[in-house]
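Below: the structure, in structure tokens.
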Amino acid sequence: SNVKINVENAAECMYVLLVVVKAFEVDIMPANRIVTQIGETLILTCNTTGCASPTFSWRTQMDNPLGGTVNNYKTYSTLTMNPVSVVNSHDYLCTVFCGEKKKKEKSIKVELYSFPSDPVIEIRPSLFAGEPVTVICKIPDVYPSSHLEVFLKKEEHILVEKYFYEDDSTNTETKTVMYSFNLTAEDIGKEITCVAKLKIDSMDFEPKERVTSQKLNANFGPQNTIITVSPGNSAMKGDPLKLTCVTESNPPPQIVWRKYLADESIQHLVENNVLFIPHAHFTDSGLYICEAINLATNKTEKATVDIVIQDGPKNTMISVIPATSVKEGETVTMKCTSSGNPAPVISWKKKAASGEPEKIFKDATLTIQNTKSKDLGLYECEAYNQFGKEEKAVELLIQVPPQNIIVLVYPSENVEEGENITITCTTYSNPPSQMVLKKVHQEKEIILPSVNGTFVLYNVTKNDTGRYLLDVFNEVGNSIKVIDIAVVGRLKKTHQMLPLIIAFSCITAIAIPVVAILIYVSRKAKINGSYSLVKALGLKV
């Protein structure tokens, strides 16, 4: 029981102690004084203890704009500056109210600087041995520049030093130091160094010194530019080909390869000192240009080489003017072109009736004037050099209107009713002719098409008598033949009357005796008053 009372007393003492520890207090972070670089992000935090519902207020001691964003939370408040600028160089005061009577304040001093990057060295103009040069050192975005010191050195020798102690800039600025001197051959390769120091002893930041170096160099060229070709300027089709552009230049130049095309335009190839063609083709022949460009000296030099790829005839083509099909009497021109190296020799052949081609002409252009039917046929162009040959063929068609027309009428143009009339027509033409047969002076025109040049009039009558026009035509022309058809009435023929004559003769042979008997019987009857045919004939019944 006594032990339990002692434990409870101890707990009460600890609770009293905790209450004492959590008395109303205000603290500010990161510290009472902060050094930060312009352009970065800074967050100030105002914390409170011992107050359940504090109220926060931020201000500068000179009542300038805060230059930041305030965010209040349950027991703390933040002031965010993003990015930090020169307007944030102040003493900031955080005031905290706990209820109506309790109030506490904390301040923090924000100190700024800007020294973000190394110096930049420029050399003007571009360096050429024996010419004056100006070295410029730029220190970007410095603040406060009144603490800046700059040293420009060649190797260990100080060319110029400059202090900006009296500078009163209120914002970041780029500061410049310049030095001019005559460049000598001994200066080539020496190092120019720019040392910038921002010496602010009261501020703790790094780095406080920045250094940049650059070697002096004499720019020249391009000069003595040449092209080397492996294995050589004349290569066989399929061989690898390597073109190398060699030049003297400092700094190394930009190399651009170009090629003159057949239409006199220029084709851009690659930007490399080596142009490699793994498998050369005839189309790779031509004039190649290597262009070396030195951007530092603003100079350009070119070299050229003529590449010839040896190959048999290729891309052989035939063009025909005006067309592969012409009218008889017109002029036709056939031109054969082929690529190859050396240039192919062109010759023409025409396929003979035997089927074998015969050489007819040795030139690229074949002209046939006043074309005839005999000129039609298959023409072959042969392109040849020592590496091979290639052939192309074209068929020439000569368009001929219908001619040599022969018309036959069977059995004749004069027939009897009921007969059939066959009309046949043969002709020569190109393209093949069409034929139609028309009857003249018909109220309703009758047109008969042919079947392979043959027309048939079946079982004709007198109505089929008349004049017929046979029109033979194709795309080139036409010709009309006149046919007069006469149909007469049918005559009886001897061989057709013979059965009637025989029948008539038989009837007559029987009728005459019968008539004689009848006459005799009639007369006898008149005498006797009656006549018996049986008795008269002496027949027995």
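The values are calculated or read from the model by the stated rules, or taken from the named source; none is laboratory data. Since this is a predicted model, take the numbers as computed values, not measurements. No Cβ is skipped: glycine too gets one built from the backbone with ideal geometry, and neighbour counts run over all protein chains shown. For the accessible areas, the whole protein counts, side chains as well, though only heavy atoms, and no ligand, DNA or RNA atoms are used. Shrake-Rupley method; radii C 1.70, N 1.55, O 1.52, S 1.80 Å.
For T80, are the conditions met, namely being at pLDDT 95 or above, among the hydroxyl-bearing types (S, T, Y) and touching a strand residue (DSSP E or B) at 6+ places or on another chain (Cβ under 9 Å)? In short, yes.
Pairing each residue of the stretch 324-350 that is free of Cβ contacts under 8 Å to residues at least 40 places away in the same chain with any residue that is surrounded by fewer than 18 Cβ atoms within 10 Å (Cβ to Cβ) and charged (D, E, K, R), provided the two are 6+ apart or on different chains, yields C-beta distances under 7 Å for I346/D363; S347/K359; S347/K362; K349/E358; K349/K359; K350/E358.
Return yes or no: is K162 over 23 Å from L216 (Cβ atoms), in a strand (DSSP E or B) and open to solvent by 30 Å² or more (accessible area, probe 1.4 Å)? In short, no.
Per the conditions (1) exposed (fewer than 14 other Cβ atoms within 10 Å of the Cβ); (2) touching a strand residue (DSSP E or B) at 6+ places or on another chain (Cβ under 7 Å), the sole criterion not satisfied by V415 is (1). Of the strands (runs of 3 or more DSSP E) that lie entirely inside the stretch 51-123, those containing 2 or more residues that are open to solvent by 60 Å² or more (accessible area, probe 1.4 Å) span 54-60, 69-72, 102-113. Looking only at the stretch 211-233, residues that are crowded, with 17+ Cβ neighbours inside 10 Å and part of a strand (DSSP E or B) come to 7 in all. Residues in the stretch 319-340 that are open to solvent by 60 Å² or more (accessible area, probe 1.4 Å), more than 30 Å from A235 (Cα to Cα) and part of a strand (DSSP E or B): I321, K327. Within the stretch 147-159, at least one residue is without any contact (Cβ under 8 Å) to a residue 24 or more places away in the chain and either open to solvent by less than 20 Å² (accessible area, probe 1.4 Å) or of a type outside the set (A, V, I, L, M) (or both). When residues in the stretch 44-91 are screened for being basic (K, R) and under 22 Å from K22 (Cβ atoms), 1 of them pass. What do you reckon, is Y379 in contact with a strand residue (DSSP E or B) (Cβ under 7 Å, 6 or more places away or on another chain) and open to solvent by 60 Å² or more (accessible area, probe 1.4 Å)? Judged against the criteria, Y379 is not a match. When the criteria are applied in full, L261 fails the requirement of being over 30 Å from K389 (Cβ atoms) and of a type outside the set (V, I, T).
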